[in-house]
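The values are calculated or read from the model by the stated rules, or taken from the named source; none is laboratory data. What you are looking at is a predicted structure, and each value in this text was computed from that prediction instead of being measured. Cβ coordinates were reconstructed from backbone atoms using ideal geometry, including for glycine residues, and neighbour counts include every protein chain displayed. Accessible surface areas use protein heavy atoms only, side chains included; no ligands, DNA or RNA. Shrake-Rupley method; radii C 1.70, N 1.55, O 1.52, S 1.80 Å.
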Amino acid sequence: MSEWRRDAEVAPKPADGVHVRRYPPHELVRVNLYVAGDFYRGVARASYEAEDGWLAYDLLLWPGPGESPSGWYWFDESRMRRRVYAGAGGGL
């Protein structure tokens with residue numbers, strides 16, 4: 001099994017006072033990951049950096065937000081695939 005197919009780690013919601021970056025529609029960050037052994041595609045709604053330097057994303061996962069474990073996950077290159085599309089929704 002590929003290393004990146006291991007499950008992503010859930011991150012806590014950011015503490016009060018932590019700077020949270022919200023992603024506008026024209027800046028699309030896509031993340032592919034596994035949660036509980038199932039594959040999901042996601043879009044980052046927000047992110048924050050923890051004191052130890054770890055980056056957490058608030059991910060909207062599909063096939064559907066009501067059926068998927070959307071929420072905060074620590075970004076880990078060995079467990080996820082990420083693509084950043086700057087300007088992706090600028091023409092809409």
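Looking at the range 3-12 only, could you name the residues that are surrounded by 13 or more Cβ atoms within 10 Å (Cβ to Cβ) and not in a loop (DSSP other than H, G, I, E, B)? Walk me through how you get there before you give the answer.
In the first step, residues of the range 3-12 are kept if they are surrounded by 13 or more Cβ atoms within 10 Å (Cβ to Cβ); the result is 4, 6-9, 11.
Selection gives Trp4, Asp7.
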Quiz item: Out of (1) open to solvent by less than 50 Å² (accessible area, probe 1.4 Å); (2) closer than 15 Å to Val84 by Cα; (3) assigned to a strand (DSSP E or B); (4) not β-branched (Val, Ile, Thr), the odd one out for Arg30 is which?
Solution: (1)
Quiz item: Looking at (1) part of a loop (DSSP other than H, G, I, E, B); (2) of a type outside the set (Lys, Arg); (3) surrounded by 15 or more Cβ atoms within 10 Å (Cβ to Cβ), which is the only condition Pro24 fails?
Solution: (3)
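Which residue, of Ala88, Ala56, Ala15, Ala44, is open to solvent by less than 90 Å² (accessible area, probe 1.4 Å), at pLDDT 90 or above and not in a strand (DSSP E or B)?
Ala15
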